[in-house]
Amino acid sequence: MIGDVQGKGMPAIGAGLEVLASFREAAHHQDTLESVAERMEQALTRYNARSVEQGTDERFVTALLMEISGPAGAPRGRVLSCGHIPYYLVRGGEVHERRDGEGWLPLGLGGLSGEPRRSVRIHPRPDDWVVLCTDGVTEARGADGTFYPLAERLAGWTDLEPAELARTLRTDLEGFTGGRLLDDATVLVVRRRAPADTQLSMARAAAA
């Protein structure tokens, strides 16, 4: 899961912690991405109700949930996006922007729709890996006003291991913006190891 909270400051941090805690608990006990997202929605709704009572603003959170299961040689997966930006799939050395599971409202706004959120099936290959990020990365601007070309950069780094890729991306992003990031930027790199080792290899890079 990767998420992005509306706003800044302690209220936004509080909303993020509520959503993260509910995700960690629900992921252990719920069988579907839909039910995990619903628990996260409920947690944020309670948080927003308390916020209103205390005279502070309600918050919404975008989130992207992804599940990969099955044997390493024949993985299967599902994706559910709660208003989050696309993720990037790296397959065969090529980078693809993916919008699987899109179309649903951010957490905290689910009551505005009469439809329950639905995940979609994806068909990963054993050597696929993915990059999830927040819009602080894709909307970062250089000195000339251009947006950070994430897909282009990733295409040149497909031989890097997750931890090295995360460090390289962070350094490059800070250089591109001259160290002037205007929004929180988070990247989560997830790569499944060779079939002999079914564990996932993950790395996270964050810059505020």
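Among residues other than Arg180 whose Cβ falls under 10 Å from its Cβ, what is the net charge (Lys/Arg +1, Asp/Glu -1)? Mind dumping the intermediate values first?
Working: positive: Arg141; negative: Glu174.
Its environment carries a net charge of 0.
State to the nearest 20 debye the size of the charge dipole of segment 1-159 about its Cα centre, where the only charges are +1 on K and R beta carbons and -1 on D and E beta carbons.
Here segment 1-159 has a charge dipole of around 220 debye.
As a test of the formula, what do you get for the chain when each DSSP H run with n ≥ 4 contributes -39,500 (n - 2.57) and the sum is divided by the residue count, at 222 nm and rounded to the nearest 500 deg cm²/dmol? It would help to have the intermediate numbers written out before the result.
Details: 5 runs with 67 residues, N = 208.
After summing the helix terms and dividing by the residues of the chain, the value is -10500 deg cm²/dmol.
Could you give the accessible area per residue of segment 1-105, probe 1.4 Å, as a whole number in Å²?
Spelled out: the 1.4 Å probe surface of segment 1-105, per residue, equals 52 Å².
At q = 0.11, 0.16, 0.19 Å⁻¹, what is the base-10 log of I(q)/I(0) for segment 1-88 according to the Debye formula with one equal point scatterer per Cα and no solvent? Please give it to two decimals.
Log-scaled intensity ratios, in q order: -0.34, -0.65, -0.85.
When the Kirkwood radius is taken over all Cα pairs of segment 104-166, what Stokes-Einstein diffusion coefficient follows at 20 °C and 1.002 mPa s, in µm²/s? Spell out each step's value before the answer.
Numbers: Rh = 15.3 Å.
D, rounded to a whole number, is 140 µm²/s.
Determine the sum of side-chain charges near Arg118: Lys and Arg each +1, Asp and Glu each -1, restricted to other residues whose C-beta is under 12 angstrom from that of Arg118.
Value of the local net charge: -2.
Take the alpha carbon gyration tensor of segment 36-145, find the square roots of its eigenvalues, order them as a ≥ b ≥ c, and report rounded if a/c is under 1.5; if not, report prolate when a/b exceeds b/c, else oblate.
Judged from the Cα gyration tensor, segment 36-145 comes out oblate (a/c at least 1.5, b/c at or above a/b).
In nm, what is the difference between 0.36 nm times the number of residues separating Val52 and Asp183 and their Cα-Cα distance?
Net length gain for the segment: 44.6 nm.
Leaving out ligands, DNA and RNA, and with a 1.4 Å probe, what % of the accessible surface on segment 1-125 is carbon or sulfur?
50
Residues with beta-carbon under 12 Å from that of Ala151, excluding Ala151: net charge, scoring Lys, Arg +1 and Asp, Glu -1?
Here the charged neighbours net out to -1.
The values are calculated or read from the model by the stated rules, or taken from the named source; none is laboratory data. From a predicted model like this one, the values you see are computed outputs, not experimental measurements. All Cβ positions, glycine included, derive from the backbone under ideal geometry; neighbour counts span all protein chains shown. The protein model used for the area step is the full one, side chains on, heavy atoms only, and it has no ligands, DNA or RNA in it. Shrake-Rupley method; radii C 1.70, N 1.55, O 1.52, S 1.80 Å.
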